[in-house]
Each structure stands twice: as structure tokens, then as C-alpha cells.
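Novice: Just dropping this structure here.
The values are calculated or read from the model by the stated rules, or taken from the named source; none is laboratory data. This one's a predicted model, so the numbers in the text were calculated from it and none came from an experiment. Backbone-built Cβ (ideal geometry, glycine too); neighbour counts: all protein chains shown.
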Amino acid sequence: MAAVSCAAAPLPVALRLQDRPVLVVGAGKVAARKVETLLAAGALVDVVAPWACREVEALATAGAIAWQARPFAASDVAGHFLVVACTDQDGVDAQVFAACERACIFCTAADRPAACSAWWMAVRRRGEVQVAVSTGGSAPGLAGRIADEAVAKLSPALGRAVMRYAEIRQYLIDHPERFGDFVARGAALATLRRLPWRTLAAAKTNRLAQIAPDKPVE
């Protein structure tokens, strides 16, 4: 099986997994953490593994996931938006990756970058903002540290500023007649983007013409 070439830089993207089927092959402790993350993203999770740890078994018993207690078969990947291999067995993970390559389905494998067409990223959140860091799967522990240090440098007002900017942007889209032409609206948003985070977090919709802030956000 040919490994994915990493000569080109990978493309960072965010996947919308709400109500999309995702297959997890393996049901150990690592797989359980992946399943929890996928469920939090709204994915419809199928698990294939001969046995399962208590966490995965409990999720299956509760109906949160569908678990088939058997070895992986190449046909299992069909119909899935994403496949996650966490069997801790090089041979099985390689089979999962090969099946995904044939089916043109993205595959991630825990601690096996050569058997991946996608990688998990270290993610930290501040409100609506997500900071995601990847080392291409080669140093996941360091990715987490980099993400932690990056988030620590962000303004405490950043989450509120992003939400306020989104509200103002939607207001301008919904009420184009209240703020001149398209160019004027674009200029207003450009000005907002240059404001300090705390000032943006307090920007008032009814004073957009002046981009005047409300009382400072502490």
C-alpha cells in the first residue's frame, strides 16, 4: 500500500459533521476519545471492533452509537463521510486506509501519519473562536502545547468581539438600505476588523456610520 505523499502542505479545513455518518474502527480508550469528539460535532457514529472498552460499550448500550462487534471488513467504509482507524494494529489500520483510498474517503489513523489522508488537530476554543494546530501527525503532543500558548496570548474580549462582528455583518446583510451601497458596507466592516478587540466587542449597530463603541468591555 502506498503511503500518502506529504511533500505538499496539507490544507487546513473545518468539517461540518452534523448528521453525517462517520466510521470508527477500533473501540479502545483512544477510540473512545475520538467517538466522544465526533458525537460532540453531531456525527452519526458507527463503530466496528471485535471488543469494546467500557466507555464505547456504554455509548452503544445507550444508543448513542452503533457498534458491530466483529473484525473490520473493507466494505465497512462505504457510505461514510470520514473514517477513523484506532485499532493499535498496523496491519488493520493499513487495511482501513487502503479501503478508504479506493473509496475516495478521508481517513485518519491514530499515531500513524503514513496511513492518513487527514489529521486530527489540537483544538482550543475561546467562545466562537477555535484555534487549531497541526504538526502533520508527527508531533501531536507539541501541537497541543503550541495551541495552548497561542490561546494564552489572545485577548479575553476576542470571543465577544467575534460574536459582535458576526451580528453586525448579518445586520448589514439583512438591512442593506440602512447603510448605503455595497462599497460603503464593505468599508464599514473593514473598519470594524481593524478595531481593538474590546472596542469591537462593544460596537453599536445603530451607530455604524461612526463605528462608535459602547462602554468599554472589561
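Novice: For Asp111, all conditions in the list (1) acidic (Asp, Glu); (2) under 21 Å from Leu11 (Cβ atoms); (3) in a loop (DSSP other than H, G, I, E, B) hold save one; what is the number of the exception?
Specialist: Single failed check for Asp111: (2).
Novice: Out of Ala62, Ala78, I need the residue that is among the hydrophobic types (A, V, I, L, M, F, W, C), surrounded by fewer than 15 Cβ atoms within 10 Å (Cβ to Cβ), closer than 22 Å to Ile105 by Cβ and at pLDDT 95 or above. Which one?
Specialist: After ruling out the rest, the residue left standing is Ala78.
Novice: Also, quick follow-up: Against the definition (in contact (Cβ under 8 Å) with a residue 24 or more places away in the chain, in contact with a His (Cβ under 6 Å, 6 or more places away or on another chain) and either under 23 Å from Ala98 (Cβ atoms) or not polar (S, T, N, Q) (or both)), how does Leu59 come out, yes or no?
Specialist: In short, no.
Novice: Being at pLDDT below 95, under 16 Å from Trp120 (Cβ atoms) and surrounded by 14 or more Cβ atoms within 10 Å (Cβ to Cβ) is the requirement here; does Cys86 meet it?
Specialist: So Cys86 fits the description; yes.
Novice: Taking only pairs six or more apart or across chains, which ones have beta-carbon atoms under 7 Å, a first residue in region 175-188 that is outside any helix (DSSP H, G or I), and a second residue that is at pLDDT 75 or above?
Specialist: That search, which allows pairs on different chains as well, returns Phe179/Leu172; Phe179/Arg185; Phe179/Ala188.
Novice: Based on what the data block shows, is Ala132 farther than 26 Å from Ala166 by Cα and either free of Cβ contacts under 8 Å to residues at least 60 places away in the same chain or not basic (Lys, Arg) (or both)?
Specialist: The answer is no for Ala132.
Novice: If you don't mind, another one. Could you pull out the residue among Ala103, Ala41, Ala110 that is of a type in the set (A, V, I, L, M), within 23 Å of the chain's Cα centre (by Cα), surrounded by fewer than 22 Cβ atoms within 10 Å (Cβ to Cβ) and under 14 Å from Pro21 (Cα atoms)?
Specialist: Only one candidate qualifies: Ala41.
Novice: Among the candidates Arg125, Arg112, single out the residue that is at negative phi, free of Cβ contacts under 8 Å to residues at least 24 places away in the same chain and out of contact with any His (no Cβ under 9 Å at 6 or more places or on another chain).
Specialist: Just a single option satisfies the conditions, and that option is Arg125.
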